[in-house]
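Notes for the one structure printed next.
Any read-out appearing in this document is the output of simple, stated calculations on the displayed coordinates, not a laboratory observation. The structure displayed is predicted, hence computed values, not measured ones. Cβ placement follows ideal geometry from the backbone for every residue including glycine, while neighbour counts extend to all protein chains displayed.
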Amino acid sequence: MSEILPPNIKGLAGSIATLSNWFFCWVVTMTANLLLTWSTGGTFTIYMVISAFAVAFAAIWVPETKGRTLEEIQRSFR
């Protein structure tokens with residue numbers, strides 16, 4: 001996250017990113033046992049579909065930042 005955030009919001013945005021990461025880890029942990037008792041194959045299918053949507057979202061809408069300056073990245077969001 002640090003390479004795409006301007007210095008003035010790095011702390012807050014990094015904290016929000018960390019919070020959302022831990023929240024979704026918690027969601028997976030809490031739902032895994034419940035879903036595994038329902039259906040082993042179904043559980044992994046659900047997680048696979050969600051992951052496929054996340055990969056498609058990143059591939060289509062998240063811009064590449066490798067080799068670009070912070071100013072170029074910020075211009076691509078405008």
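A few points about this structure:
- The chain: calculated mean residue ellipticity at 222 nm from DSSP helix runs of at least 4, using -39500 (n - 2.57): -25500 deg cm²/dmol
- Taking Cα atoms only, the orientation of helix 40-61 departs from the longest principal axis of the chain by about 20 degrees.
- At most 12 other Cβ within 10 Å, DSSP loop - trypsin sites (Lys or Arg not before Pro), region 1-71: Lys66
- Angle in degrees between helix 10-38 and the longest Cα principal axis of the chain, rounded to the nearest 10: 10
- Its Cα centre serving as origin, the chain has a Cβ charge dipole (Lys and Arg +1, Asp and Glu -1) of approximately 100 debye.
- Simple label model, 7 Å out from Cα along Cβ direction - Gln74 to Thr37, nm: 5.1
- Shown is the FRET efficiency for Glu64 and Met30, computed with R0 = 30 Å from the Cβ-Cβ distance and rounded to the nearest 0.05: 0.30.
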